[in-house]
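Notes follow the structure.
Every number here is computed from the coordinates shown, using simple stated rules; none is lab data. Values in this document were obtained by computation on a predicted structure and should not be read as measured data. Backbone-built Cβ (ideal geometry, glycine too); neighbour counts: all protein chains shown.
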Amino acid sequence: MSKSLITPGPLLARVHSPADVRALDTEQLPQLCAELRQFIVDNVSIYGGHFGASLGVVELTVALHHVLHTPDDQLVWDVGHQAYGHKILTGRRDVFDTNRVYGGLSGFPKRKESDYDAFGVGHSSTSISAALGMAVASRLKGETRRHVAVIGDGAMTGGMAFEAMNHAGADPGSDLLIILNDNCMSIDPNVGALKEYLTDITTSPTYNRVRDEVWKALGKLSHFGSSAQEIVSKIEHSLKGSLLKSSNLFEALHLRYFGPVDGHDVQHLAAILQDMASIPGPKILHCLTVKGKGYALAEQDQTKWHAPGKFDKVTGEIYKKVYATPQPPKYQDVFGHTLVEIAKLDERVVGITPAMPSGSSMNIMMRELPDRAFDVGIAEQHAVTFSAGLATQGMVPFCNIYSTFMQRAYDQVVHDVCLQNLPVVFCLDRAGFAGADGPTHHGAYDLAYFRCVPNLVVAAPMNEQELRNMMYTTYLRAARNQGPSSIRYPRGEGTMPVWRTPLEEIEIGRGRKVQDGQQVAILTIGTIGNYVPEATAMLVRSGIVPAHYDMRWCKPLDEAMLHEVFSTYPHVLTIEDGCIQGGFGSAVLEFMADNNYTSVVRRLGIPDRVVEHGEQLELHRECGFDPEGIAAAVLKMVELEPAAPHSKLV
Ligand SMILES: Cc1ncc(C[n+]2csc(CCOP(=O)(O)OP(=O)(O)O)c2C)c(N)n1
């Protein structure tokens, strides 16, 4: 049972499910909004999490739950980081203090968590496709349900959203409402021509006049019952006119466009949503909102308050640990600064990020070399092929994509970059367990999905110095037109307070022996190797001194080093913060089989199941590769699994 420190306001306290929101008079909705907003502020300030996005959709959330009959009606949130209000109104208020905590609520909508979470999300731009699928299913089954996708202007820049609208516009029989939650922000300021377009519609006097007339007419719709369809057609023809229609992007895709409307006027929103229920077919409602609405600091610095961490809700001070001595940097910052250093050596170097300038620290290059760093919007596929295009012209692109989001762009990596052997450097941030964001964000699969791709070399540094040297080495590989490379590193801080080491070229496919030992060799890839000294200290107490190899490259493997390992050690343990199937450990097993060695090999890594959210260390522990888990695995191997009498088959 959770012991939340937060007391909901009196009206919110009476809301146990959306039925209670539906039962309210519309005059009570503003108060519910105020209490819901306060509850979110109270909660996130104490327990952390995403912030500004949920504050921005408080009115939309309340209006939707007042009008829709969820869970029969299907409400799909895009990305889902803005769905805190939805969670609180749908029966999870009293356990909301467990949000994003190990064993607690997920920070994103999740089907397994609640019937009200119609679709699991985390990655952006999926909501329209999913809601359209639901709408078509309802049509085929003869059910009358409403289907609503709520998508931000940032998520709307993703290609999938357009693929889905293109399809939806050609399916007039499906009841789909897309709500465009337009706050002009992604995590960083939204970018691109679509943003300009949405601003144009918002400020165009013609649109605003038309909008007012449409709403006036719409207000009367409910009285006309079955003739609503006819009235809608009349509205469309008489008010919008063909010129206006073809100049509206959404209308051109055959989606009826309504708006823009004030997304903070809850009573008006509820009335509009009610009216729109009578309008059949695919349609879009353009709502204008302010990210961080109601918490002044969050409105002013929307990027900082996207997910600020815990803070003092009165002063707005974001709590940061204070240390007496210099601390190691975040890996993302090592990437950001090192990229600028390399870019200053060679003007062909450019940086690409799909909507993560702050998260990846590409913003450092965007500030220092603005002409050579590109935020392309939430468009991972485009980011990769755009990089490929740059590479064909002799540029040296560093394309930084979180490991989990790179899943989106796999075909582009294979087809556009690697088959053509183009010199793009991929930097995969948030590799391994992402932590509190959970399974939608864990960077579990990249070692496995990249090591099978021809021409690509696959690296993972154990510390900051290795990251810098790998960036420099893969830069040289790209500058010499020798092919594509990838480097993965995790979320969070490294281990070296003094990290600005001289850039050195290192040998591709050459590992590093960290420590000699007997009986057992531990082979690690990436930063998980930093657990080995602690595990070793535990093992030494049991009389076991394992050797440790930091393999550095998952592809090509250091075969000379593996020959040394397999001909010396009867027991070999591989460790990776990545999926156990097909990853680094699998590569080592393949080597062993191909070369007829017979050591006992055990692999630690992310198992073949969905691992939920929690602190990175908690998840490593759960999966048995925290320091204790590593020590236990070595002990078990040595004590219970005697090695074969011959270490090499003849
Ligand atoms: C495929 C993918 N790429 C990147 C992200 C990271 N991300 C999470 S929220 C977000 C911004 C979304 O902006 P918007 O849809 O406008 O919502 P807002 O936060 O402004 O409410 C981004 C880029 C993601 N979730 N999915």
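Brief remarks on what is shown
- Charge tally in the Cβ shell below 13 Å around V44, where Lys, Arg are +1 and Asp, Glu are -1, V44 excluded: +2
- L288, L140, L29, L604 arranged by Cβ crowding within 10 Å, fewest neighbours leading: L140, L288, L29, L604
- Rounded, prolate or oblate (a/c below 1.5 giving rounded, otherwise prolate when a/b exceeds b/c) for the stretch 436-493 by Cα gyration tensor: oblate
- Across the stretch 462-503, the residues whose backbone nitrogen lies under 18 Å from the label position 7 Å along the beta-carbon direction of E347 are 479.
- Whole-angstrom Cα spans of the stretch 329-440 along principal axes, big to small: 39, 32, 20
- Of the residues L132, G377, T303, the one whose Cα sits farthest toward the positive end of the charge dipole of the chain, with +1 on the Cβ of Lys and Arg and -1 on the Cβ of Asp and Glu, is L132.
- For G259, nonlocal amide neighbours, meaning residues 5 or more places apart or on other chains whose placed amide H falls under 5 Å from its own, are H286.
- Taken about its Cα centre, the stretch 469-524 carries a charge dipole of roughly 160 debye when the Cβ of each Lys and Arg holds +1 and the Cβ of each Asp and Glu holds -1.
- Rg and Dmax over the alpha-carbon atoms of the stretch 32-74 stand at 11.8, 34 Å.
- From helices alone, the chain scores -11000 deg cm²/dmol at 222 nm; the rule is -39500 (n - 2.57) for each run of n ≥ 4 DSSP H residues, then divide by the residue total.
- In the chain, Cα pairs under 8 Å separated by at least six residues give a relative contact order of 11 percent.
- Distance histogram for the stretch 575-618 (every C-alpha pair counted, 5 angstrom bins, percent rounded to whole numbers): 5, 20, 25, 20, 14, 7, 5, 3, 0
- For the stretch 262-335, alpha-carbon Rg relative to the globular expectation (2.2 N^0.38 Å, N residues): 1.80
- Each Cα pair under 8 Å and six or more residues apart adds its separation to the average, and for the stretch 262-386 the resulting relative contact order is 14 percent.
- Over the C-alpha trace of the stretch 543-650, radius of gyration and Dmax come out as 14.3, 47 angstrom.
- Close amide H pairs (under 5 Å, H built 1.01 Å from N) link V545 with Q518, residues at least 5 positions away or on another chain.
- Ratio Rg/Rh [Cα only; Rh per Kirkwood] for the chain: 1.02
- When the charge dipole of the stretch 501-614 is built from unit charges on Cβ atoms (+1 for Lys and Arg, -1 for Asp and Glu) and taken about the Cα centre, the candidate among V565, Q519, A593 whose Cα reaches farthest toward its positive end is Q519.
- Extension gain from E534 to D371, taking 0.36 nm per residue of separation minus the Cα-Cα distance: 54.2 nm
- Note on the stretch 409-476: with charges restricted to the Cβ of Lys and Arg (+1) and Asp and Glu (-1), its dipole about the Cα centre is near 120 debye.
- Restricting the calculation to Cα atoms, the stretch 271-412 shows an Rg/Rh of 1.10 when the hydrodynamic-style radius is the Kirkwood one.
- A Förster radius of 25 Å, combined with the Cβ-Cβ distance separating E507 from N595, puts the computed FRET efficiency at roughly 0.75.
- Span-like helix ranges in the chain, DSSP H, alpha carbon extent 24 angstrom or more, Kyte mean at least -0.5: 29-47
- Members of K87/K291; K195/K310; K87/K112; K195/K291 lying beyond 25 Å, as alpha-carbon distances in this model show: K195/K310
- Neighbours of P354, meaning other residues whose beta-carbon lies under 9 angstrom from its beta-carbon, give a summed charge of -1 when Lys and Arg score +1 and Asp and Glu score -1.
- q = 0.21, 0.27 Å⁻¹, the stretch 81-156: log10 I(q)/I(0) [Debye, one scatterer per Cα]: -0.99, -1.28
- Dipole magnitude (debye, nearest 20) for the chain, charges at Cβ of Lys, Arg, Asp, Glu: 260 debye
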